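As structure tokens, the structure follows; a few thoughts come after it.
The values are calculated or read from the model by the stated rules, or taken from the named source; none is laboratory data. Because the structure is predicted, anything quoted here is derived from the model rather than measured. FYI the Cβ positions are ideal-geometry reconstructions off the backbone, even for glycines, and counts take in every protein chain you see. Accessible surface areas use protein heavy atoms only, side chains included; no ligands, DNA or RNA. Shrake-Rupley method; radii C 1.70, N 1.55, O 1.52, S 1.80 Å.
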Amino acid sequence: MAQRENVSKLGKTIEIVRKTRSIGVIFALIVLVVLASLLSPYFLSGYNLQALTRSLAFVGMIALGQACLLLVGELDLSVGAIAGFCGVIGGVLIINLGIHHWLAFGLCLLLGAGCGFLNGALVAKLNLNSLVVTVGMTGVYTGLNLVISKGRAITGIPKAIYFLGQGDFLGIPAPFIIMLGVAGAVLFITQYTIFGRYMYSVGNNREASKILGIRVDRIQIITFMMAGLLAALAGMIMVARLGSSQPAIGQEWVLPSIASSVIGGVSPAGGIGNPVGAVLGAVITGVIENIIVIFGISPYWQTAVSGVVVVAAVSLDSIQRIFYERKVKL
């Protein structure tokens with residue numbers, strides 16, 4: 001009976017953690033926006049807001065997949081390499097092989113999901129650490145990317161797909177609209193489907209999930225596939241934005257995607273958070289980077305700041321867990 005009461009208390013405290021983090025994220029975003037607008041009137045200009053939302057949309061898409069993986073207690077450091085690999089393959093299919101651009105677009109999304117399947121199968125079936133596996137696969141995808149492209153951009157992408165990366169609707173950039181659509185789909189999957197409930201269960205307690213009959217390996221693999229598919233989507237939209245397949249696509253997206261997810265309230269320990277919070281986290285990291293650019297601070301600080309934000313957010317998450325778990329035991 002006492003054990004059951006403790007489990008119940010822990011569930012309630014986890015919910016408190018989640019709500020507290022969400023409120024904190026929104027409050028931090030408001031403070032950042034107010035400060036930035038006071039320090040520079042350029043920050044709220046239409047041009048800057050368009051540039052900001054257009055750039056953060058790519059990290060947002062990657063972060064949504066990363067957040068789903070964190071939710072099941074995994075991590076994928078190869079999402080940036082998958083985005084670059086799929087972008088280059090897209091250029092090869094369209095330009096070198098003459099495949100219709102929409103068919104090539106769809107094939108690249110399948111390729112991204114396939115990369116995610118490979119990552120997930122290695123982790124789930126061989127019981128390998130996702131950090132180690134995805135570091136290794138980053139080398140594989142990046143190497144293939146460079147071998148195929150020879151390190152050069154593939155130009156001549158049809159203008160018919162430019163609107164995906166360069167267009168806008170009522171002044172809102174198309175990549176940002178696509179990211180919001182993806183966020184809606186991820187929200188539905190994680191909050192309103194059985195699969196979503198299984199994701200939380202696996203992240204909270206993997207062994208207990210197995211006892212309950214949940215196919216943990218299947219949940220892991222499908223979640224990796226979701227992350228790979230979203231990485232490929234971001235990579236192909238970036239191709240549409242640049243008008244060419246650049247081997248360097250995705251190189252700078254991994255750390256911000258983790259930072260966005262953790263800032264957005266997704267616990268690195270798994271089982272806590274809403275992946276859509278990663279969008280709020282992406283907005284915060286995007287605003288911080290935008291402030292660095294506006295005030296002429298060296299862009300090298302962007303990476304350092306992202307690293308600091310990740311460490312701070314992970315530390316905060318750990319402190320909150322320790323605090324509430326102690327409270328439950330009292």
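The set of residues in segment 108-121 being under 18 Å from Gly250 (Cβ atoms) and either open to solvent by 60 Å² or more (accessible area, probe 1.4 Å) or without any contact (Cβ under 8 Å) to a residue 40 or more places away in the chain (or both) consists of Leu110, Leu118. Of Val266, Val283, all but one fail to be out of contact with any Ser or Thr (no Cβ under 7 Å at 6 or more places or on another chain) and not in a helix (DSSP H, G or I); the exception is Val266. As a summary of the residue check, Ala113 satisfies the conditions (1) under 28 Å from Asn205 (Cβ atoms); (2) assigned to a helix (DSSP H, G or I); (3) modelled with pLDDT under 95 except for the one numbered (3).
Quick grid of which residues meet (1) of a type in the set (S, T, N, Q); (2) open to solvent by 10 Å² or more (accessible area, probe 1.4 Å):
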position: Ile258; (1), (2): no, yes
position: Val262; (1), (2): no, no
position: Val266; (1), (2): no, no
position: Val276; (1), (2): no, yes
position: Leu280; (1), (2): no, yes
position: Val283; (1), (2): no, yes
position: Asn290; (1), (2): yes, yes
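Go through the residues of segment 201-223 one by one and say whether even a single one is touching a Lys or Arg at 6+ places or on another chain (Cβ under 6 Å) and surrounded by fewer than 24 Cβ atoms within 10 Å (Cβ to Cβ). Yes, some residue in segment 201-223 is touching a Lys or Arg at 6+ places or on another chain (Cβ under 6 Å) and surrounded by fewer than 24 Cβ atoms within 10 Å (Cβ to Cβ). For segment 190-200, the candidate set comprises residues that are open to solvent by 30 Å² or more (accessible area, probe 1.4 Å) and touching a residue at least 24 places away in the same chain (Cβ under 8 Å); within that set, the residue that is nearest to Val72 (Cα to Cα) is Tyr200. The residues in segment 255-274 that are within 13 Å of the chain's Cα centre (by Cα), within 20 Å of Arg206 (Cα to Cα) and among the β-branched types (Val, Ile, Thr) can be counted, and the count is 1.
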